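The numbers here are math on the coordinates, done by the rules we state, and not lab data. Fair warning: this is a prediction, and the values are worked out from it, not measured in the lab. Cβ coordinates were reconstructed from backbone atoms using ideal geometry, including for glycine residues, and neighbour counts include every protein chain displayed.
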Amino acid sequence: MKIPHSTPILVSFGLASTALVMCALLLLEWNDGTAAVESFEWVSHTLENQRELATVEARMSEAESGQRGYLLTGQPGFLAPYAVATSEVRTRLLNLRRLLADDPAQLRRLLMVESLSRAKLAELDSRISLERAGKHDLAVSIVRTNHSDSLMTSIRSGLQAMTAEEASLLRDRQQALVEELHRGDLVSLGLATALAVMLIALLVIARGAEHYRNLVTLCAWTRSVEYEGEWISFEEYLRRKFDISTTHAISPDALSQLEIGLGDPKKS
């Protein structure tokens, strides 16, 4: 049996199969990588929301502390941190509007917090204006009202509710990220295993093809050999294939059979 041109065919098949597997690997890795990047971006987005909410709460407290420090001491030095804190509160609230534009429920909570914050900042500004106008007692009396404390309590409550919601979203998005990364690892492992199996199978096929390639086709009647599409004698095959010259003799078995044949009276 002979398989003509088997080696080039098998090599071409192996290269094509390897290329297909590698393309599939790259495509699946790209898809999983895209999904993982998207999940990672959502996690980062949620973390940024949490940072902004925490900053708003902290700066509101700083603004209130700066205002009270000014009212209690009359020292203008307290107004500098107060001005920085109030400015940052407004900036962070605007940034949160942009960040939460895709979440209607959180955006509604934010609008409520914004309304309360504007009222609180207006109240703080009015007390400072009274203090500057020399109405110290009136400014201090406003600080002591329950309304002032309830505004700040409502603001903190609203911010904490939003932070809790972001924490829940963060857990879900982190879990989604872990699942995407795990799925990517499984795909990579599965395809790498498939590639290894395919290469091993290709090696086995190639070795089998090499075995068939080394077979020599002999004529059952003339004992001639097929070599490169031509039927030639065995001696000529040895010369062409291996550069071996031949000579002739009679083996002991053949000689015995010849002597027996010559000695048979029926043959005489």
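A few comments on the model shown:
- Gyration tensor (alpha-carbon) shape descriptor, region 49-167, a/c threshold 1.5: prolate
- Residue order, fewest to most beta carbons within 10 Å, for 112, 162: 112, 162
- By the count of neighbouring beta-carbon atoms within 10 Å, fewest first, 246, 86 end up ordered 246, 86.
- Backbone N within region 59-77 under 20 Å of label point (7 Å from residue 140 Cα along the Cβ vector): 64-77
- If the chain linking residue 235 and residue 48 were pulled fully straight, counting 0.36 nm for each residue of separation and taking away their Cα-Cα distance, it would gain 58.7 nm.
- Given R0 = 35 Å, the distance between the Cβ atoms of residue 107 and residue 188 translates into a calculated FRET efficiency of 0.35.
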